[in-house]
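Please read the structure below before turning to the comments.
The values are calculated or read from the model by the stated rules, or taken from the named source; none is laboratory data. Values in this document were obtained by computation on a predicted structure and should not be read as measured data. Every residue, glycine among them, receives a Cβ derived from its backbone with ideal geometry; neighbour counts consider all protein chains shown.
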Amino acid sequence: MVIGFDTTVFPKLDYKTPENFWKTIEYLEEFFSIHNDSLTDVIASAQAMKRCFDEFDPFIQHYTSRVCPYCGTVCCANKFGFPEFADIISFLALGLQVPDYDLDVDEDAICQFIGEKGCILPRLQRPYRCTWYFCDPLMAQIDIGPIKHYRQFIQGVQDLSRTRGDVMRAFLPVWEKLGKDIITT
């Protein structure tokens, strides 16, 4: 059973050169607009991924609200909050706006999207790595909770990975046929 997807087949986004970063975002937005008819499977897969996020989010929010406010070392840094190419694909497939990233921030500083109560971005608009990163204190809380919660956690992570992989597997052939050669890595 295939669960995830190797996103390294896509170009890397260039955070060090904001002009290149935003140029790539604009290109992908245009790609989705022009080739919308060819992206129906991508969009359908993205809706399945959204349902998984919607089911998993309350579970993660419950545990992060118990752990994150008391953490002495905030693990959400700007360098982890920048999206990868596959994140942009997911955002656009869901019809979401790409967040207005400030690329001139200190990479090692606390993420620009951290507010008083955690991330201000909806889970669907966060880079995927932000959703599946589970620090040791968070995992400890899940581990000591009811076994039912641990099973729910494992199922949620697998469902997210599978459905995100489905989005990327649906996008790749369209990308290879219609757009891959325009953006260089």
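Of the residues making up segment 164-185, those that are of a type in the set (Val, Ile, Thr) and at pLDDT 95 or above are Val167, Val174. Condition first: crowded, with 17+ Cβ neighbours inside 10 Å and closer than 16 Å to Ile25 by Cβ. Now tell me which residues in segment 95-118 satisfy that. Within segment 95-118, Pro99, Tyr101, Leu103 meet the criteria. Of all residues in segment 158-180, those that are more than 17 Å from Ser90 (Cβ to Cβ) have Cβ atoms under 8 Å from Cβ atoms of residues that are in a helix (DSSP H, G or I) and not polar (S, T, N, Q), 6 or more apart or on another chain, in Leu178/Phe31. Only one of (1) over 26 Å from Gly156 (Cβ atoms); (2) assigned to a helix (DSSP H, G or I); (3) of a type outside the set (S, T, N, Q) fails for Gly72. Which number is that? Going through (1) over 26 Å from Gly156 (Cβ atoms); (2) assigned to a helix (DSSP H, G or I); (3) of a type outside the set (S, T, N, Q) one by one, Gly72 breaks only (2).
Number of residues in segment 45-72 that are free of Cβ contacts under 8 Å to residues at least 12 places away in the same chain and either surrounded by 15 or more Cβ atoms within 10 Å (Cβ to Cβ) or of a type in the set (A, V, I, L, M, F, W, C) (or both) equals 0. Of everything in segment 119-134 that is buried (at least 16 other Cβ atoms within 10 Å of the Cβ) and farther than 16 Å from Cys52 by Cα, the residue that is modelled with the lowest pLDDT is Phe134. Arg151 fulfils the conditions (1) surrounded by fewer than 16 Cβ atoms within 10 Å (Cβ to Cβ); (2) within 18 Å of the chain's Cα centre (by Cα); (3) among the basic types (Lys, Arg) except for a single criterion, (2). Every test in (1) closer than 15 Å to Phe5 by Cα; (2) out of contact with any Phe, Trp or Tyr (no Cβ under 9 Å at 6 or more places or on another chain) is passed by Asp166 save one, and that test is (2).
Among the residues of segment 10-20, is any under 14 Å from Ile88 (Cα atoms), in contact (Cβ under 8 Å) with a residue 24 or more places away in the chain and in a helix (DSSP H, G or I)? So that I can check it myself, show each step before the final result.
At the first step, the residues of segment 10-20 found to be under 14 Å from Ile88 (Cα atoms) are 10-15.
Next cut, in contact (Cβ under 8 Å) with a residue 24 or more places away in the chain only: 10-13, 15.
With in a helix (DSSP H, G or I) added as a condition, the list becomes none.
Looking through segment 10-20, none of the residues is under 14 Å from Ile88 (Cα atoms), in contact (Cβ under 8 Å) with a residue 24 or more places away in the chain and in a helix (DSSP H, G or I).
Checked against (1) under 25 Å from Val174 (Cβ atoms); (2) free of Cβ contacts under 8 Å to residues at least 24 places away in the same chain; (3) surrounded by 13 or more Cβ atoms within 10 Å (Cβ to Cβ); (4) of a type outside the set (Phe, Trp, Tyr), Pro83 passes all but a single condition, namely (2).
Is it the case, given these coordinates, that Lys12 is modelled with pLDDT under 95 and closer than 22 Å to Leu172 by Cβ? The answer is yes for Lys12.
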